[in-house]
Structures are given as C-alpha cells and as structure tokens.
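Read through the structure below, which is laid out as structure tokens, and then see the notes.
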Amino acid sequence: MPTTAMVGREPELAEIVEMLQRKDLRLLTLSGPGGTGKTRLAIQAAAEAAESYPDGVWWVSLAPLRDAHLLVSSLADALQVEEQPGRELAESLAERLDGKRVLLLLDNAEHLLPAVAHEIASLRDAQGPTILVTSRERLQLQGEHVYAVPTLTDDDGVELFMTRARALEPALQTSSAVVELCVRLDNLPLALELAAARTVVFSPEQLLERLSQRLDLLKAGRDRDPRQQTLRATIE
C-alpha cells in the first residue's frame, strides 16, 4: 500500500471516483503503460469512493500470481472465505459477494491475460460487486469501462520529483535541469520517483547528463515490486 502522499491527479481522480459511484458500472479498467501510476490512482480512488461501498473495499495484488485460476483463492483469502468440504471455493466466494455492495480492486492483471479475463467476467456477473482493475491492456469484456491513465502534467511532474527528492535532500532547489529531466522522463511517475531517489548520489544536472547513456542508473530499491526493479524493464 502507498506510504507517500499522491501528487497531482485531481482531475483524473475526480473522474474515476465519479465512475465508481455509479451503480450501473460494474467493471472499470485503468489502463496505460507501465509506470504511469495506475496502482496509486486506483488505490486513492477506491479510498475516496469507499462510502459508496458499505460492505467493504478489498485490494488484491495479482502481480505475484502466475496462474489466472489463483485469482479465486487470492480473493477468498482477502475476504476470509474458507474452503468447505464438497463445495467449490468459487461457489463459497460467490455466496459471500451475493447482493453485497463491494468494491474489488484487482491490481496488475496484464500478465495473466487473456485467461484472467474469464475469471473476472465470472465476478462481474455476480450480483453485487463492482470491480476495479489495473492493467496495461484492456480486458476486452462486455460491459467493461476503460479509463486511459495519462502521464503527469509538466507542473505535476516537477512537483512529484521535487517532493520525493526533498524528502532525501531538503536543500534541493527547482532548476531548469529538473524541468528538463522530468520532460525527458515523459513525466512518468515511476521514472520520476526512481530519479528522485538518486539525488542522494547525483545532482539533477548529472542525472540529465547520464540519462541517455544509462537507463539502469534509475534502479529501484530492494522493496520495490520485482516488475519495477529497473526503469528499463518498465518502459520497454
């Protein structure tokens, strides 16, 4: 779960929250390239829409899964649905969700497509839950609403970089090098955060100079999602 405050995204957040508050919307996918901040935006939107879901909001990371069929057991674990002798776990899960005003946030679905789409379709067809998915690709399911997550604006990109960098180097000042660095990184939130983490070693000018030569300069910390261990792996 996020440990830092979200920067920018007010228009996008307002639109997504409004969509989640619609009772006729059952499946919403936040799509976009790696590093655009889909997960962060989805979690914040789910938190702000929580009052519309009196029976609960549940977040399940799909990143560790290697088999789409494990989605049911992962959801069952999150909702504390136990296996019962002689009964399919999917049936028990469906009963738990039946008629409930619940929001299920399924994070990072792309590597399980297309198989996971069939599992999500079964959840969509249940009476009650709304499903919010983050994925680099749309699920291509009937009734799916897709919200394409853009990169940050130039101003928000600089603000994010400076906020994260000043947490490590409080004396750092905004400069033309910072502005250009953010533009060169396409204002991708993940790229900006990784670059900001390197300001303890390099100045923004040095980062800018080295960027075109060594994308591996922006390596993530040990506690990052394995899929995001380097910027190169994320944007290629």
*Just checking, how many residues over the range 14-48 are part of a loop (DSSP other than H, G, I, E, B), out of contact with any Gly (no Cβ under 8 Å at 6 or more places or on another chain) and on the phi < 0 side of the Ramachandran plot?*
8
_Pair list, Cβ < 8 Å and 6+ apart or interchain, from the range 51-76 residues that are touching a residue at least 60 places away in the same chain (Cβ under 8 Å) to residues that are among the basic types (Lys, Arg) and not in a loop (DSSP other than H, G, I, E, B)_ = 63/227
*What are the residues in the range 115-140 that are within 15 Å of residue 58 (Cβ to Cβ) and either outside the structural domain of residue 31 (by TED's automatic domain parsing) or polar (S, T, N, Q) (or both), if any?*
130, 134
*asked:* Take the residues in the range 130-162 that are surrounded by fewer than 19 Cβ atoms within 10 Å (Cβ to Cβ) and among the aliphatic types (A, V, I, L, M); name whichever of them is farthest from the chain's Cα centre (by Cα).
replied: 141
*Quick check: anything in the range 111-129 buried (at least 19 other Cβ atoms within 10 Å of the Cβ), of a type in the set (Val, Ile, Thr), under 15 Å from residue 28 (Cβ atoms) and at pLDDT below 95?*
yes
*Output the residue which, of all residues in the range 79-129 that are of a type in the set (S, T, N, Q) and closer than 22 Å to residue 54 by Cβ, is nearest to the chain's Cα centre (by Cα).*
80
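The values are calculated or read from the model by the stated rules, or taken from the named source; none is laboratory data. Since this is a predicted model, take the numbers as computed values, not measurements. Quick reminder, even Gly has a Cβ in these numbers, built from the backbone with ideal geometry, and neighbours come from all protein chains shown.
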